[in-house]
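Reviewing the structure listed below.
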Amino acid sequence: MDSTAGAARPFRERSVFSAEHEMFRAQVRRFVEREIAPFHRDWERAGIVPRELWRKAGAQGLLCTMLPPEYGGAGGDFGHAAIVIEELARVNATGVAFQLHSDIVAPYIAAYARPEKKAEWLPRMAAGETIGAIAMTEPGMGSDLKAVRTTARREGEEWVINGAKTFISNGQNAGLVIVVCKTDPEAGRRGISLICVEEGTPGFARGRKLEKIGLHAQDTSELFFDECRVPAANLLGEENAGFRQLMHQLPQERLIIAIRCGVSMETMLEKTIAYTKQRQIFGQSVFDFQVHRFKLAQAKAEIAMFRVYLDDCIARHMQGALSAEEAAAVKLLGTEMQNRLLDDFLQMHGGYGYMAEYEIGRAWADARVGRIYGGSSEVMREIIARTL
């Protein structure tokens, strides 16, 4: 069975995407199959994706697709961004964090940076010459932004940053980092600001590349700031407006995570069906046992239901109508379902499912962080509960 063809079936007749979107998908898919899928296992072993890939993607117009042409983007909408996310998820290219760079970091700069900084940073990001990251989490902080301890004090025309960050995706490759810091330490969340720090700035240092149970190709790092001085113009938006800015942008981040979940479940279902039909046990295929066949049937029904909800959320976001609660709900449902179903799919592979050479095992390990990053499942429930 051609598993990639099977994985493509759910993408047909999805009203959320136009014919132009689907033409773009064909371009993205060719790039992913040529430049990413054959090499991703090597990048997992190396623990990092080469910077050259970002420049290749930039040259093909696959980065920062929502940016206007004057900043090097394609002037597309979130549908174009979603297609890049889906095509990476289709081959389980979890180390290639284009979505973090293009659809999380770049929107902060596009929305809040000064005009001269947009003109300086965004074209380089669209070209893949500068890779973006956002430094939010700190040791012992978890999802509580009020607990941020990294500080920035104003001295003349500079901000002086001190503190440490951890679990920072793109941390080793990043050329531009948005740092979440306290500019008024006594004001709690009302004292948070977002300040950009460029690679090579004195006082900015990268720590070790962190070892994780999944996402092995993604360079997740510690970052340190010791009397790190940056121009005052590197502040995004207004001083002490960082918490409001984060809350405005987080729904898109959570939708991005849900999109990866949806495609991962669809793809791994198709691959598991193919595997169980050819794997023999007690003289018959694993698929022929009712317990497995019924589990796969249940999974297909649940995934189809989630796809309808997910596409509705994508459509609403493209219209600017996706609420924080809806984004929390789709992330919560997607990540919890993905973890549960991928665990079932791995079980049907038997011992081979636990081998790293099999994609299901790697996808299962990679999926676990979905219930943690972008706001944990518990935080998502709290956001939803506030609306009850």
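A few comments on the model shown:
- Reachable lysines, given that their alpha-carbon falls under 25 Å from the alpha-carbon of Lys295 and they are not under 8 places away in the same chain: Lys271, Lys277, Lys331
- Counting only Cβ charges, +1 for Lys and Arg and -1 for Asp and Glu, the dipole size of the chain around its Cα centre is about 660 debye.
- Among (i) 77, 52, 37; (ii) 68, 58, 39; (iii) 77, 43, 40, the entry that matches Cα extents along the principal axes in Å as calculated here: (iii)
- Lysines whose Cα lies under 22 Å from that of Lys182, excluding same-chain neighbours fewer than 8 positions away: Lys117, Lys146, Lys165
- Hz values of 3J(HN,Hα) by residue in the range 221-227 - Karplus curve (6.51, -1.76, 1.60), Gly and Pro given as x: 9, 8, 10, 10, 10, 10, 6
- Which of Tyr373, Leu341, Val330, positive extreme of dipole for the range 244-385 (C-beta unit charges): Leu341
- Relative contact order for the range 3-126: 27 percent, from Cα pairs under 8 Å spaced at least 6 residues apart, divided by residue count.
- Length released on extending from Arg30 to Lys212, taking residue separation times 0.36 nm less the Cα-Cα span: 62.6 nm
- For the chain, the share of DSSP beta bridges that are antiparallel, to the nearest 5, is 85%.
- Pairwise label distance in nanometres, Ala297 with Ser18, each label 7 Å out on the Cα-Cβ vector: 4.1 nm
- Under the shape rule built on the C-alpha gyration tensor, where the axes satisfy a ≥ b ≥ c, the range 104-194 is oblate, since a/c reaches at least 1.5 while a/b does not exceed b/c.
- Net dipole in debye of the range 318-388 [+1 Lys, Arg Cβ; -1 Asp, Glu Cβ; about Cα centre; nearest 20]: 140 debye
- Just checking the listed ones, Asp288, Asp77, Asp103: in the Gaussian network model of the chain with Cα springs under 10 Å, the one fluctuating most is Asp288.
- Exposure proxy ranking, count of Cβ atoms within 10 Å, fewest first, for Met141, Met23, Met265: Met23, Met141, Met265
- Cα centroid separation - the range 152-186 against the range 322-388, whole Å: 30 Å
- Local electrostatic count at Arg90 - Lys and Arg +1, Asp and Glu -1, tallied over other residues with Cβ under 9 Å: -2
- Take every Cα pair under 8 Å whose residues are at least 6 apart in sequence, average their separation, divide by the length of the chain, and the relative contact order is 16 percent.
- The relative contact order of the range 244-385, computed from alpha carbon pairs under 8 Å that lie at least 6 residues apart in sequence, is 33 percent.
- Given +1 at the Cβ of Lys and Arg, -1 at the Cβ of Asp and Glu and no other charges, the dipole of the range 3-126 around its Cα centre is 220 debye to the nearest 20.
- Under 11 Å, Cβ to Cβ, from Ala217 - net charge with Lys/Arg +1 and Asp/Glu -1: 0
- Sequence of Lys165, Lys118, Lys331, Lys271 once ranked by neighbouring C-beta atoms within 10 Å, starting from the fewest: Lys118, Lys271, Lys165, Lys331
- FRET efficiency estimate (nearest 0.05) - Cβ-Cβ, Gln319 to Arg381, R0 25 angstrom: 0.45
- Ellipticity estimate at 222 nm from DSSP helix runs (n ≥ 4, -39,500 (n - 2.57)) divided over the chain, nearest 500: -15000 deg cm²/dmol
- Span from the the range 54-124 Cα centroid across to the the range 251-286 one, whole angstrom: 28 Å
Computed from the coordinates by the stated procedures, all read-outs in this text should not be read as laboratory data. It should be emphasised that the depicted structure is a prediction, and the values quoted were computed from it without experimental measurement. Please note: Cβ atoms are built from the backbone with ideal geometry, for glycine as well, and neighbour counts cover all protein chains shown.
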